[in-house]
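Worksheet: one structure, shown below.
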Protein chains: 2
Amino acid sequence: MKARVVVTLKSGILDPQGKAIEGALKSLGIAGVASVRQGKVFDIEVETDDRSRAQDVLREAAEKLLANTVIENFSVEVLG
Amino acid sequence: MKARVVVTLKSGILDPQGKAIEGALKSLGIAGVASVRQGKVFDIEVETDDRSRAQDVLREAAEKLLANTVIENFSVEVLG
């Protein structure tokens, strides 16, 4: 079963990498971008056909390893 | 207008970081994960109300800066 975990910085947490990308886009002449926040995405293949079991495994993986829940939010999406 | 650009490695491109995460999940006792591929996500605020204009700006940003199109795919999703 394929799934995607998206990890993003909580609002209020500074994102210097995102700021650098904003600056670089302006330098490249790409106008109209107000703000950029960078996060991580994990495309994960889970060995189960049970959707809610897959959700549980991925939630545990995100809480224990993929995300730092002090400064990051995560979302789990089972694609089937 | 809010949008999300997701950048993932093309299939066939090695992902040592993903492999390391697979190993770490096993070490943590989280079973049932067959494979992990890591990518990047950019949450971008675009200064326009025109959906197709936003798409164009983001596609250009992805091609010129956010993705290395030799080894990476990207997708643009305008959230409105």
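With protein chains left intact and a 1.4 Å probe, residues in segment B:2-78 average 53 Å² of accessible area per residue.
Global size of the protein assembly as shown: 16.5, 48 Å for Rg and Dmax (C-alpha atoms, Rg to one decimal, Dmax whole).
With all protein chains present, how much of the accessible area of chain B (probe radius 1.4 Å) comes from carbon and sulfur, to the nearest whole percent? Roughly 50 percent of what the probe reaches on chain B is carbon or sulfur. The sum of -39500 (n - 2.57) across all DSSP H runs of n ≥ 4, divided by the residue count of chain A, sets its helix-only mean residue ellipticity at 222 nm to -9000 deg cm²/dmol. Residues in segment B:69-80 carry Karplus couplings, in order, of 5, 5, 10, 10, 9, 9, 10, 10, 10, 8, 8, x Hz; the curve used is 6.51 cos²θ - 1.76 cosθ + 1.60 with θ = phi - 60°, and Gly or Pro positions show x.
The angle separating the long axis of helix A:16-27 from the principal Cα axis of greatest extent in chain A is about 50 degrees. Within the assembled protein chains, the solvent-accessible surface assigned to A:LEU28 is about 80 Å², based on a 1.4 Å probe. In the context of the full protein assembly, B:GLU77 retains an accessible surface of approximately 100 Å², using a probe radius of 1.4 Å and ignoring ligands and nucleic acids. In chain B, the convex hull through the Cα atoms has an average projected area of 6.3 nm², a quarter of its surface area.
Computed 3J(HN,Hα) for segment A:41-52, one whole-Hz value per residue from the Karplus formula 6.51 cos²θ - 1.76 cosθ + 1.60 where θ = phi - 60°, is 10, 10, 8, 10, 9, 9, 8, 7, 9, 8, 4, 6, glycine and proline marked x. Per-residue mean of foreign Cβ neighbours for B:27-38 is 6 (Cβ atoms of other chains, 10 Å radius). Among the trypsin sites (Lys or Arg not before Pro) found in segment A:7-80, those both in a DSSP coil and sparsely packed, with 13 or fewer other Cβ atoms within 10 Å of their Cβ, are A:LYS10. Leaving out ligands, DNA and RNA, calculate the buried accessible area for the pair A and B with a 1.4 Å probe, summed over both sides, in Å² to the nearest 100. Counting both chains, the buried surface is close to 2700 Å².
The values are calculated or read from the model by the stated rules, or taken from the named source; none is laboratory data. As the structure is a computational prediction, the values presented were derived from the model and not from experiment. With ideal geometry, Cβ positions are generated from the backbone for all residues, glycine too; neighbour counts draw on all protein chains shown. The area values use the complete protein model at the heavy-atom level, side chains included, leaving out ligands, DNA and RNA. Shrake-Rupley method; radii C 1.70, N 1.55, O 1.52, S 1.80 Å.
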